[in-house]
Amino acid sequence: MSSSMSFARIVGTGSALPPKLVTNDDLAADMATRQIETSDQWIVERTGIRQRYIAERGFKTSTLATQAAQRALADAGVDASEVDLIILATSTPDFVFPSTACLVQANLGNKGAAAFDVQAVCSGFVYALTTAECFIRAGKARCALVIGAEVFSSILDWNDRGTCVLFGDGAGAVVLKGSDTPGILASELHADGSQTHILAAAGNVAYGQVTGDPFLRMDGQAVFKQAVTVLDRSARSVVAQAGLTLADLDWMIPHQANLRILTFLARKLDVPLEKVVITVDQHANTSAASVPLALDVARRDGRVQAGQLVLLQGVGGGFTWGSVLVRM
Ligand code: ACO
């Protein structure tokens, strides 16, 4: 295949949420039945989260991912048969194998595209998007579907009030195509594997049973500090790579973990908070889904417009982080 396309461009977005909305008050009432105290006031003050969507038991990540992918394809005006690469970021796959990307491929009726999952927790979408960009720029793919999808509620300890209030379920997707004009202007990915202990779900299925701890555990304050530090550094770095400045940004879409992280980050970068897309109040932290979900919401409500400069940023367990600078 000869390829004159030197860039990769986002040509469509989509997202999906499970039907069940759970407010902070709903959560507090449910936890009270187990003698665990929390409140809407505590959650809003510390995190900015007001509600989240939670999948019913048995509801699969592939189902959310397929819905988001179908909406992104419809938005792009691209038929599923045109897709030649599917990369799906998740920490809550349907199965040990096959990959959730393959399950989505079957749901979409696509045959023959390369399909695989990426595991970088809350940085997963930024990792997947950068990987897809490399395939397209190398002429190895022309039309990629990049998805972040999670049923994160399945790995939460609902008796641990320090973590269970922070997360929700959802999915977001983009269609990425080869283009003569950019597109993705710059990107970078990083990890520090020595920080695994501050955020992990350190369990697995082996020998027919759960081994280790099947639930997410987190040192909240350590994660907070790391997140702000690496997001700040990475934002400056990718903007400089593209020969631009932070003042050129129309929007920042950082991983939606916590409103206080977003506020601190904007202040450190001297970017007005009005330029930060905030959806964490509506969806809580949906891990790999958070960035594409926020991007899709902000495009559909008219905030993010064609031609604008948008910085997408992920940060999460691993510890992992990365940034992608995009001309929409
Ligand atoms: N409701 C009521 N009280 C609570 C709750 C709750 N849901 N959770 C914790 N508390 C209590 C604690 O037990 C503690 O009580 P104590 O003082 O009697 O021991 C008190 O609140 C303070 O607890 P801290 O953990 O010190 O609270 P902190 O101010 O650090 O806030 C939080 C916790 C919100 C998790 C904060 O550390 C944070 O935002 N960290 C960032 C982590 C994050 O967003 N992670 C997302 C996943 S990582 C990622 O996506 C990159």
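The values are calculated or read from the model by the stated rules, or taken from the named source; none is laboratory data. None of the values given here were measured: they were computed from a predicted structure. Note: ideal-geometry Cβ built from the backbone for every residue, glycine included; neighbour counts use all protein chains shown.
Worth pointing out:
- Each residue in the stretch 129-142 was checked for being buried (at least 24 other Cβ atoms within 10 Å of the Cβ) and more than 17 Å from the chain's Cα centre (by Cα), and 2 pass.
- The stretch 33-49 residues that are farther than 17 Å from Asn258 by Cβ and not assigned by TED's automatic domain parsing to the domain that holds His283, paired with ones that are surrounded by fewer than 17 Cβ atoms within 10 Å (Cβ to Cβ) and of a type in the set (Phe, Trp, Tyr) (beta carbon under 8 Å, 6 or more apart): Arg34/Trp158
- Any hit, the stretch 234-245, residues being part of a strand (DSSP E or B) and of a type outside the set (Asp, Glu): no
- Test: Ala191 is of a type in the set (A, V, I, L, M) and exposed (fewer than 13 other Cβ atoms within 10 Å of the Cβ): no
- Scan of the stretch 278-298 for residues that are away from the ligand (no atom under 16 Å from the Cβ) and either within 11 Å of Asp250 (Cα to Cα) or buried (at least 24 other Cβ atoms within 10 Å of the Cβ) (or both), ordered by number: Leu295, Asp296
- Residues (surrounded by fewer than 21 Cβ atoms within 10 Å (Cβ to Cβ) and either among the polar types (S, T, N, Q) or within 14 Å of the ligand (Cβ to nearest atom) (or both)) located in the stretch 237-277: Ser237, Gln241, Thr245, Leu259, Arg260, Thr263, Phe264
- Filter pass, Val228 being surrounded by 12 or more Cβ atoms within 10 Å (Cβ to Cβ) and over 22 Å from Ser287 (Cβ atoms): no
- Counting residues in the stretch 212-227 that are under 19 Å from the mean Cα position of the chain (by Cα), in the same structural domain as Gly307 (by TED's automatic domain parsing), of a type in the set (Gly, Ala, Ser) and part of a loop (DSSP other than H, G, I, E, B) gives zero.
- Only one of Gly148, Gly170, Gly124 that is within 16 Å of the ligand (Cβ to nearest atom), surrounded by 18 or more Cβ atoms within 10 Å (Cβ to Cβ) and over 25 Å from Leu269 (Cβ atoms): Gly170
- Restricting the stretch 151-167 to residues that are assigned to a helix (DSSP H, G or I) and out of contact with any Asp or Glu (no Cβ under 7 Å at 6 or more places or on another chain) leaves a set whose member that is surrounded by the fewest Cβ atoms within 10 Å (Cβ to Cβ) is Gly162.
- Test for Thr131: is it more than 16 Å from the ligand (Cβ to nearest atom), hydroxyl-bearing (Ser, Thr, Tyr) and at pLDDT 95 or above: yes
- From the options Gly178, Gly162, residue that is farther than 21 Å from Glu56 by Cβ and either within 11 Å of the ligand (Cβ to nearest atom) or among the polar types (S, T, N, Q) (or both): Gly162
- Criterion violated by Asp213 - all others in (1) in contact (Cβ under 8 Å) with a residue 60 or more places away in the chain; (2) away from the ligand (no atom under 11 Å from the Cβ) satisfied: (1)
- Residue within the stretch 42-52 that is on the phi < 0 side of the Ramachandran plot and touching a strand residue (DSSP E or B) at 6+ places or on another chain (Cβ under 6 Å) present: yes
- Hits in the stretch 280-328 (condition: in contact with a Leu (Cβ under 7 Å, 6 or more places away or on another chain) and among the polar types (S, T, N, Q)): Asn285, Thr286, Gln313, Ser323
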